[in-house]
Structures are given as C-alpha cells and as structure tokens.
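Working notes, structure below.
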Amino acid sequence: MGALAAGAAIAAPMIASEVALAAPGRPSNRPLVIGHRGASGYRPEHTLASYELAARLGADFIEPDLVSTKDGVLVARHENEISGTTDIASRAEFAGRKATKVIDGVTVTGWFTEDLTLAELKTLRAVERLPAVRQRNTIYNGLFEVPTFQEVLDLQDRLCKELRREIGVYPETKHPSYFRSIGLALEAPLAEALRHNNLNKPTAPVFVQSFEANNLRDLHDTHKVRARLVFLASAAGGPFGDPRPYASYLSADGLKELSRFVSGIGPDKSLVIPRRPDGTLGTPTPLIADAHAAGLVVHPYTFRAENQFLPVDFRTGTDPNAYGRAIDEQVAFHRAGVDGLFTDMADIGVLARDFAGR
C-alpha cells in the first residue's frame, strides 16, 4: 500500500475561498513546495491568479518564468512564443506580427514577446496551455493579463503580509542566450529588480534558476546577484551553446564546480529516481547524496497529478487525464531526500510532504 489507504482518492482541487490560511512560519529543515508556474494545475499558468492560488494552497515559493518585451520589461511567460498561452492568434491587430525564428537552435513559428511592447502585451489575455489535459482551466480563458515580474514581486509582498508567512519567488531566465543575442539581455533587469525590491541577498526568499550554467555564472560574477542560484538540468543533452552535457555538470566533480556560484540544482525528476524499462518507478540514483556532499540543495521537477505524467505503477485507471497516485509519487521522492520539488498542484505537494513525515 502507498502513502494513502488503498482505494483512497486525492481530494478535488480547492478554490481559494475554501483554503484555510497556512500557519505562520515554516520549519527551515522542511522540504519546499514550489508552485510550478503558480498553481498551473488549477489556473492558466503564469498569471497572478495562478501564483496567488499556489500561495493560498500552501506553496513556499511561486515560480515565474521570465522573458522580455520589445521595450525590455521582464514578464512572466513559459516561452517567448505566446500563441499557446495567450489569445494573440485570434487578435486581428497582431496578425502581421506572426514570425518564424530560431530559438536555441529550434525553428519556431508564432508570436513572440520581444516583438510586442508591454502596452501591447497587456491587451492580451491568458489561456490554458493544455486544454485537452486541463479542460476545467479553460473556464478562466480570457480573464487574466500577462504579469510583469514587478507585479509578481508586488503580489509576493502582499501575500506574505496577508497570509502571515514567508512566500518566496523562484524566477527562471528563459532562453537567456537568445535574448542576449537580440539585445534584450535578461540579466541586468533581473539583477536590478532584485536590488530594487531588497531581495539581492543570500537570506532573501529567492532562488534564481536557469538551464544555462554560463547565465548563472554571469549573474553571479558580472551582475553581482547574491540571491541563491539554481542550475536546472534536463535528463539528456546540455545547455544551449555549451559543449558540456548536463551529465558532466551533475557528476561529483561537476557539482563541486557548480557550488562555487550556485546553491542548488533543479534536475529532471528522472535523474533522481529513474523509471524502469516497463515505466514503473525505479530506485534513487546517487545524485542527491552527491549534491548534498557538494553543499547543494536538490529541487527536482515537475510533479503533476494526471496519469500520463506518473510512473505506470502510480496510475489509476486508463484515462490519461485522470488523477493517479500523485501523493505517493511525491512521497517516494521526499523519502529519497529531496530538499523540495516543483509541483503544478501545491495542495498535493503539501499533503505529500506531510504524509512523508518531513
């Protein structure tokens, strides 16, 4: 039997009015629940509504991905191509902005944040990115703006006061090499935002993450970012424009090298506990122990509740979009020793941490 009694079902998503305020404070040794793109399991991702719901569901951190507008303002979108996360494709006034570009070596056709001013972007409205998977979220299509990074930080400040507990921000720089190549580098405005909001210090409730080690090194060395930095790693390949694969960075020696300028790693969860050839959950790798030996925290991504995202032995029924044993999966990772995890459903993340006894 897993962490839940046999046959028990995960509770239905709670709306904000049903959520009790979290108790003030959080034991410093408890693993973090990181609201991946906010509460993206329940609201369109990277909206203030999504971030706020994640906090109200108990997330310790909310995670905005950052891209740039044409006029150099940092905004929260998973990608700079926004046809899947906004209503821009249906807006006749922007039809002429459709373009084809090469982003980190991949040809992409659509509409891009760097081709719109902030004022233009603010006329758009967010839509659910995975409508076939999260059909319920589509009822919120057209309601929410694309937020700026400063608006996310303002929300964080308000929620900390209202909920009487610390809520952190976990921004990710998206395609930093690409944005630097077109004269819209993300590093300087990000560093300035942290300084302006008194968050540029190791004790601030901030982690800045990137898949590019060179981006993080530049933030640390050139832009003097002293908030904690986290190196993200995919299960295969390597950072764009970097000859070193992720596997090299995640070796024992590579982790020691990273520890000179980062505080943690955010690996694909399969690098922490891989799946067996039959799709079932395997046994933990040495990655957590190696990272801890180098003084780094480990925050794997991404944990979701739908069957299609779960190991075979944690699925329930045959509907790929039905909820499976998501709590049990997260409990397994907690018991392997992670220091936090990225989840689309913060309430499930909180329950899993509690069931794991951590």
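The values are calculated or read from the model by the stated rules, or taken from the named source; none is laboratory data. Please read these numbers as outputs of a predicted model, since none were measured by experiment. Reconstructed Cβ throughout: ideal geometry from the backbone, glycine too, with neighbour counts over all protein chains shown. For the accessible areas, the whole protein counts, side chains as well, though only heavy atoms, and no ligand, DNA or RNA atoms are used. Shrake-Rupley method; radii C 1.70, N 1.55, O 1.52, S 1.80 Å.
Residue-wise test of (1) under 19 Å from the mean Cα position of the chain (by Cα); (2) of a type outside the set (D, E, K, R).
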residue	(1), (2)
Asn137	yes, yes
Leu143	no, yes
Gly168	yes, yes
Glu172	yes, no
Residues within the stretch 205-230 that are within 26 Å of Cys160 (Cα to Cα) and either assigned to a strand (DSSP E or B) or open to solvent by less than 30 Å² (accessible area, probe 1.4 Å) (or both), tallied: 11
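Condition check ((1) in a loop (DSSP other than H, G, I, E, B); (2) over 17 Å from His78 (Cα atoms); (3) not β-branched (Val, Ile, Thr)) across all residues:
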| site | (1), (2), (3) |
| --- | --- |
| Glu93 | no, yes, yes |
| Glu114 | no, no, yes |
| Leu130 | yes, no, yes |
| Val133 | yes, yes, no |
| Leu143 | yes, yes, yes |
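Rundown of residues vs (1) open to solvent by less than 40 Å² (accessible area, probe 1.4 Å); (2) modelled with pLDDT of 95 or more; (3) not aliphatic (A, V, I, L, M), yes/no style:
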site: Gln135; (1), (2), (3): no, yes, yes
site: Tyr140; (1), (2), (3): yes, yes, yes
site: Leu155; (1), (2), (3): yes, yes, no
site: Glu162; (1), (2), (3): no, yes, yes
Of all residues making up the stretch 196-231, the number that are touching a helix residue (DSSP H, G or I) at 6+ places or on another chain (Cβ under 9 Å) and closer than 12 Å to Pro176 by Cβ: 12
Matching entry among Ala55, Ala99, Ala49, Ala89 (being touching a helix residue (DSSP H, G or I) at 6+ places or on another chain (Cβ under 8 Å), at pLDDT 95 or above, open to solvent by less than 70 Å² (accessible area, probe 1.4 Å) and within 18 Å of Asn141 (Cβ to Cβ)): Ala49
Is one or more of the residues making up the stretch 159-172 part of a helix (DSSP H, G or I) and closer than 18 Å to Asp65 by Cβ? no
I'd like the full set of residues that are among the basic types (Lys, Arg) and farther than 21 Å from Arg43 by Cβ, limited to the stretch 290-346. Arg315, Arg325, Arg335
Tell me which residues, restricted to the stretch 174-198, are closer than 22 Å to Arg37 by Cβ, in contact with a Leu (Cβ under 8 Å, 6 or more places away or on another chain) and among the aliphatic types (A, V, I, L, M). Leu186, Leu190, Ala193
I'd like to know if the stretch 251-258 contains one or more residues that are of a type outside the set (Asp, Glu), closer than 19 Å to Tyr170 by Cβ and open to solvent by less than 40 Å² (accessible area, probe 1.4 Å). yes
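Could you run through the stretch 137-156 and say how many residues are charged (D, E, K, R) and under 20 Å from Glu81 (Cα atoms)? Break it down into steps so the answer makes sense when it comes.
Filtering the stretch 137-156 down to residues charged (D, E, K, R) leaves 145, 151, 154.
Still in the list and also under 20 Å from Glu81 (Cα atoms): 145.
Residues meeting the conditions: 1.
Might you let me know whether the stretch 291-300 holds any residue that is without any contact (Cβ under 8 Å) to a residue 12 or more places away in the chain and buried (at least 19 other Cβ atoms within 10 Å of the Cβ)?
no
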Condition broken by Phe314, with the remaining ones in (1) farther than 19 Å from Ala233 by Cα; (2) touching an Asp or Glu at 6+ places or on another chain (Cβ under 7 Å); (3) open to solvent by less than 10 Å² (accessible area, probe 1.4 Å); (4) hydrophobic (A, V, I, L, M, F, W, C) satisfied: (3)
All positions within the stretch 317-342 that are open to solvent by less than 50 Å² (accessible area, probe 1.4 Å) and of a type in the set (Phe, Trp, Tyr): Phe333, Phe342
Of Ala247, Ala233, the only residue that is open to solvent by less than 30 Å² (accessible area, probe 1.4 Å) and at pLDDT 95 or above is Ala233
Among the residues of the stretch 274-285, is there at least one that is of a type outside the set (Asp, Glu), buried (at least 19 other Cβ atoms within 10 Å of the Cβ), closer than 25 Å to Arg37 by Cα and under 22 Å from the mean Cα position of the chain (by Cα)? no
Count of residues meeting criterion [of a type outside the set (Asp, Glu), closer than 21 Å to Ile103 by Cα and open to solvent by less than 20 Å² (accessible area, probe 1.4 Å)] in the stretch 180-198: 2
Taking first residues from the stretch 309-322 that are more than 16 Å from Pro277 (Cβ to Cβ) and second residues anywhere that are open to solvent by 50 Å² or more (accessible area, probe 1.4 Å), the pairs with Cβ under 6 Å that are 6 or more apart or on different chains are Phe314/Arg325; Pro320/Gln308
